[in-house]
Each structure stands twice: as structure tokens, then as C-alpha cells.
Amino acid sequence: MSIEVRNITHIYNKGLPQESVALKDVSFTVEDGEFLGIIGHTGSGKSTLLQHLDGLLKPDEGQILIGDVDITAPKVSLLAVRRQIGLVFQYPEYQLFDETVAADVAFGPRNLGLGQEEIDERVRESLSMVGLDYEKIKDKSPFDFSGGQKRRIAMAGVLAMRPRVLILDEPTAGLDPRAHRDVLNMIRAYHKSQADSIIILVSHNMNDIAEYADRVLVMDKGQVRMHGTPKEVFARSAELREIGLDIPDLADLAEKLLARGLHVPKDAFTIPEMAQAIAMQLRGGKTDPAAEGGEDA
Amino acid sequence: MIRDITLGQYYPGDSILHRLDPRIKILATLAYIILLFIVNEWIGFAACFVFLAVEVALSKVPLSYILRGLKVIFLVILFTFVLNLFMYDGEVLVRIWKLTITDQGLKRALFMAGRLILLIISSSILTFTTTPIQLTNGLERLMKPLSKIGVPSHEIAMMMSIALRFIPTLLDETDKIMKAQQARGADFESGNILHRAKQMIPILVPLFISAFRIAQDMALAMEARCYHGGQGRTSMTEMRFRRRDYITAVILLLFAAGIITLRVLI
């Protein structure tokens, strides 16, 4: 199941003095099983785009096809859309409401009309997926937990709907480094556990995008500025900086080392990879077979 | 959807009404509302209507924007109209079962509904053309003499400005929470009343929690900036009456005098 966004335009407060164009002629496709990263500075239209993908907002122009269903059609069943798509908003912990953790996580599956047994099974599974102990916490109030734990509970609430497409809007905002890592690894684990599932991740952290995403979409002023693999996108560092973004730390390091004449690859997005390349260079040997990206510098 | 509520919001602009001193606008609105209830004949009503129409034109706020605010309280107006319709004795016009509509009833009903509509439009004009800050500053200054007899005028004004300031914030918050719950499959639009009321819980609980959190943060931020009440507090922009404010006051007095004369004469 792929996602196809065709020329969507969205205007807020149409006809009022506060009118603003949030999305302008946006088109792209996401393939089956893809992990798409979306970057763009604040106000570039990322959140508006995500809400369109879940049918929460309707575009003023254009279509969005999920599989072969046009979710922008007037009479489409949005419940059917939400069976396929899970959207984790920014700071999802602020949507917790029920008396117990188990009841809160069960909210989504119950709305999908599943049977009690299936719901219990899913609640148990999703809580363990986010690294929480079901037996220990199921009857506690979700408000008795720390911020990071609340976020996990809220994410479990979306995972319990078993979406084929999981969309996350800055899921790591405000988390400490360890929780940050945990959340990203959870997302990766979910991606691997569900065959052909699509992940769409919005983040301001270029390192995460470089490490996790298969493809990257760059938004600027409501338009798609770039769309490609992390390697392709992060090679255009000057352009990215111009629109208020940055490149991953390792790409930045590579750029600086290359400027000083050390031949390291520009697209080593993990620390071990980069460390090895630098070590090879320092040990001598002008050219390095493992570091092809550095040749042309 | 929730952003469609225009009642009580500020409409950015630079009309003559936007530039008037907030104190004169508050007093004028109060006076206009009182006059609306003094009026009891068609001609006076027509005068009030024309006065407001001129005000609306001067404010340069689009009529459709103003009327959208009325939608929210349409039911209240309808209820008042129907209630008044059957309440008065007089020459019977229509008889439905045991209820009768009389000429007096019809007149009163039309007057009451008309009053409500004019009242709401006139007070919306005040909020459309005055920023919340100006509004509360104006109120504070107007209430200042009352602080001598123990009315906490500064505190009241501060509470009002905080309340007004957070209306859009809470609307945004509600919108966000609704969308988040909709993304989890919640359905707020179908089902019977009981079902719909139940569906409000996933919105209301997070909304209240957010409100308390915001209030706590706000109180802390105010204390961190040494807020200690109204004593000795100065204002960056001092309000001063200008020529246009005096002219407005004169026009308003003439209008009030006219309406009162009408009432006494007829």
C-alpha cells in the first residue's frame, strides 16, 4: 500500500484578513515499506501536511490516495482511513484521559469496533512494544507517570490500532537523550514487525533523519523543496542552511575534514562508519576503498 | 470548525473605530445597550438600527464576519422570540391549539429578538475593533475611582485580560485534542445525545488538565517577572482623549438625548 499526494493546496482562514497559504501544490509518493523523514523549519507546513494524510484536514485542491482509496473524496469513510493510518501528534501525552492506562490504550481499538479479547491482546502487546510492563501498570492512572512514560503510553494508544502507516510529529521533542533513543528504536522495531508498513517521521534532528529514514522530504514555505535519499538531500548543505535547516553532525564533520584535505565519505551517517573512515585515513594511504564519497573533494 | 466562532475576537484593522480611545468605546457600548431597552417604538428602533449600521460601516469589519458571530447564539434568539410570541394579551392573530399569538405578542417578540441581535452586534463591534489589552486597560482606568471604595479594579482587569488572552489558546488546544482523539478513531458527529456527551470526555479531561498546567506556568512566569498587583504599576502607553473621542462623545450624547425624548414624547 503506497501513499500518493497529488498537487494539494491548503489555505487557512480563506477569505479573512489572516488568510495564509499553508501548503502549495505539494506532490510526492511514499512506497510500500518506506521510512520517510520530513524536515522543514517551524511554519513550513509539516504539521498541516500530516493532518491531511490522516483526513483531519481536507485540501482546498488536490488529492491524496492511500492504496487506491482517495481520502479527499467527499464521501469517504474516515474510520476506514484511520484503520490504516496512525497519527502520533506532538506531545501526545496531553491527550491521555481515561482512568486507567489499559482503558486509555484501548480507546483507539474500541473505536475501531474490535472485540474485547482482541482489544485486550492489542493493549498488552502495544504496552510491551513501548517497553512498559502491562501487569504492573494496567490499573494505574495514566496521570501518575513521568513525562517520558506518559508519552510511551500515548504512543501505545496509537500502536494498538496497528496502523499500516504510522505518522509521528516530532515524537522525541523534550525527551532526555535516553528516552529519545528508546522512542526512535521503538519506531524502528514497529516498522520491522509490521510487514510493508510505512513510517513518516517529522523531526528537527537531522542526525535522526539521516540514521533512520530511507528517503527525506524537505518542506519550505508550504512547498516541497527536495525529495530524495538522505545522501542526496544532505549533499545540498548550502541550500539546506539557506532555508534554516542543517545537515547531520557527521556530514558537517565530513565537510570540514574534506576542506582540510582528509578524504572521508560525506555520507557516513553512523559514528562507527565515520570513525573507521577517519582511522583509515590517519593510518596513511592516500585513497581509501571504503570511502568512495570522498574521492571528488 | 471551532475556529469559526468569531464572537468576542479582535479583527485587525485601522478604521476610525479602531483608533478611538477604548474608554469611550466601552462607555458608548454600555450606553447603547441601555438605550436599546429604553426604546419601545418602531421609530426609535429604526434609529438604533441606523446608528449601528453606520458603526458597522465605519468599523470596516466585513458584515459576513459579524453575522457569523450571531450563528452561535441563534438558538437563544429563537427561544426568546417564541417565548415572547405567546406571552401577551391583545388582539388575537393566530390560534394554535391552546396558544394564541396576539398583535402585542408579535410586536414584543420582534422587539426582544431585535434588541438581542443589536446588542450582540454592538458589543461585537467593541471587541472587533479593540484589542484585549486596550479593552482591559480601558476598563481598569474606568473602574479606578471605584478602588477607593474597595473594588479591586486592577485585579478584575488583570483577570479579564488573562481570560481574554487565553480564549484563542484554549480554542487551539481544544482543536488539537479533538484532532488527536479523532486520529484515534473518536467520532464526535454521529450517534444520539448520550453517546455524543460520552464522547466529550476524551476532550474535556485533557483540556482541563492543559488549562491547569497553563495557569500554573502563567502564574510562575508572572512572579518571575516581579508581578505584585496593581500598586505603583505604570503603563507604557498612557491613554489620552483626542479630538475624535470628544466628537464621538458629543454624537453619542445627542443620540441618547434623541432616543430619550422619543420615549417621553410617544
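Values computed for the structure shown
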| read-out | value |
| --- | --- |
| Long-range HN-HN contacts of residue A:216 with modeled amide H, under 5 Å | A:37, A:228, A:229 |
| Exceeding the 18 Å Cα-Cα cut-off - candidates A:46/A:221; B:25/B:60; A:58/B:176 | none |
| Karplus (6.51, -1.76, 1.60) ³J(HN,Hα), θ = phi - 60°, over the range B:170-176, in Hz, Gly and Pro reported as x | 6, 5, 4, 4, 4, 4, 5 |
| In the range B:1-91, the chymotrypsin sites (Phe, Trp or Tyr not before Pro) that fall in loop regions by DSSP, at most 15 other Cβ within 10 Å | B:86 |
| Assigned charges on the beta-carbon of Lys, Arg, Asp, Glu; the range A:159-297 dipole about Cα centre (debye) | 220 |
| Cα-centred dipole magnitude for the range A:181-244, charges only on beta-carbon of K, R (+1) and D, E (-1), debye, nearest 20 | 40 |
| Interface residues in the range A:60-81 - accessible area drops by 10 Å² or more relative to the isolated chain, probe 1.4 Å | A:79 |
| Long-range amide H partners of residue A:22 with built H, under 5 Å | A:10, A:11, A:12 |
| Karplus (6.51, -1.76, 1.60) ³J(HN,Hα), θ = phi - 60°, over the range A:88-95, in Hz, Gly and Pro reported as x | 9, 6, 5, 6, x, 5, 7, 9 |
| Protein accessible area in the range B:162-266, 1.4 Å probe - carbon and sulfur % | 66 |
| For residues of A:86-98, the mean tally of beta carbons on other chains within 10 Å | 5 |
| Shielding by other protein chains, B:181-194, mean Cβ within 10 Å | 6 |
| Residue mean of other protein chain beta carbons inside 10 Å, B:169-180 | 3 |
| Probe 1.4 Å, protein heavy atoms only - accessible area per residue of chain B in square angstrom | 61 |
| Distance from the range A:110-163 to the range A:168-235 (C-alpha centre basis), Å | 23 |
| Accessible area in the full protein assembly, largest first, 1.4 Å probe, for A:282, A:57 | A:282, A:57 |
| Charge-dipole axis of the protein assembly as shown as Lys and Arg at +1 and Asp and Glu at -1 on Cβ define it, positive-most pick from B:207, A:95, A:147 | B:207 |
| Most positive-pole-ward Cα, A:81, A:131, A:165, against dipole of the protein assembly as shown from beta carbon charges | A:81 |
| Mean separation of Cα contacts under 8 Å, 6 or more apart, over the residue count of the range A:66-209: relative contact order % | 31 |
| Ordering of B:52-62, B:120-130 by packing [mean C-beta count within 10 Å, highest first] | B:120-130, B:52-62 |
| Neighbour cut-off at most 14 other Cβ (10 Å), DSSP loop, trypsin sites (Lys or Arg not before Pro), the range A:19-111 | A:75 |
| The range A:236-284 - charge dipole about Cα centre, Lys and Arg +1 at Cβ, Asp and Glu -1, debye rounded to 20 | 260 |
| Per DSSP, loop trypsin sites (Lys or Arg not before Pro) in the range B:82-170 with at most 14 further Cβ within 10 Å | B:98 |
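The values are calculated or read from the model by the stated rules, or taken from the named source; none is laboratory data. For clarity, every value in this text was computed on a predicted model and none was experimentally measured. Cβ atoms come from the backbone with ideal geometry, glycine included; neighbour counts cover every protein chain shown. All accessible areas refer to the heavy atoms of the entire protein, side chains included, with ligands and DNA or RNA removed. Shrake-Rupley method; radii C 1.70, N 1.55, O 1.52, S 1.80 Å.
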